[in-house]
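Single-structure report; data block below.
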Amino acid sequence: MRFGELSRAPLRLLRLQLYGETAEFSWVARPADVWDATLPRRERDRIASLQALQDAMALREMLFAVLPEVQTAELRAFRQSAREPPHLVITGRVTREVPAVLRVTSPAMRAKLYGFRFRLDDGVLGPLEVEDSSLQLMISA
């Protein structure tokens, strides 16, 4: 997962923690690809958001493939902008059990079926409310 399909920027992993059959995994979503710099900002943000959803689903698959003892995982993706602290854009409590997603063509709908929560506004991921105080500390650090 060094490169994404829509962005060649690397993922920045923040944390992986294991608790028996449960894992917590957090990362910073890839920024828009440098070759997309000439596109309108809204289009760059849409492409970066689609990449973030694809990465969330791929990381779910990778986590369960690499750690066979893990049955459930809490995954979180943060978006880092140049002048602001990172904000949570994707979260989800996912299970090893694979939902019926084969015929679902929409990446957003597929991600929802896997158990991810996110807010899309015209195809662009928006910040989610942070409810957990320990998560708030991790974002601020």
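The values are calculated or read from the model by the stated rules, or taken from the named source; none is laboratory data. Please read all numbers here as calculations on a predicted model, not as lab measurements. Cβ atoms come from the backbone with ideal geometry, glycine included; neighbour counts cover every protein chain shown.
For VAL70, the test of being touching a helix residue (DSSP H, G or I) at 6+ places or on another chain (Cβ under 9 Å) and more than 17 Å from LEU14 (Cβ to Cβ) is passed. Return a yes/no flag: does region 64-81 have any residue that is at pLDDT 95 or above, part of a strand (DSSP E or B) and acidic (Asp, Glu). Yes: one or more hits.
Of everything in region 29-49, what is in a loop (DSSP other than H, G, I, E, B) and hydrophobic (A, V, I, L, M, F, W, C)? Give them in sequence order. Can you show your working first?
Step one: list which residues in region 29-49 are in a loop (DSSP other than H, G, I, E, B), which gives 29-33, 37-40.
If the condition is that a residue be in a loop (DSSP other than H, G, I, E, B) and hydrophobic (A, V, I, L, M, F, W, C), then ALA29, ALA32, ALA37, LEU39 are the ones that fit.
Just wondering, is there one or more residues in region 24-41 that are aromatic (Phe, Trp, Tyr) and surrounded by fewer than 13 Cβ atoms within 10 Å (Cβ to Cβ)?
Looking for residues that are aromatic (Phe, Trp, Tyr) and surrounded by fewer than 13 Cβ atoms within 10 Å (Cβ to Cβ), one finds at least one in region 24-41, hence yes.
One residue alone among ARG8, ARG15 is at pLDDT below 95, within 17 Å of the chain's Cα centre (by Cα) and farther than 20 Å from GLY92 by Cβ, and that residue is ARG8. Going by what's in this entry, would ALA58 be described as under 12 Å from the mean Cα position of the chain (by Cα) and surrounded by fewer than 16 Cβ atoms within 10 Å (Cβ to Cβ)? Yes; evaluated as a whole, the condition is true for this residue. A single member of VAL94, VAL130 is surrounded by 12 or more Cβ atoms within 10 Å (Cβ to Cβ), without any contact (Cβ under 8 Å) to a residue 60 or more places away in the chain and part of a loop (DSSP other than H, G, I, E, B), and it is VAL130.
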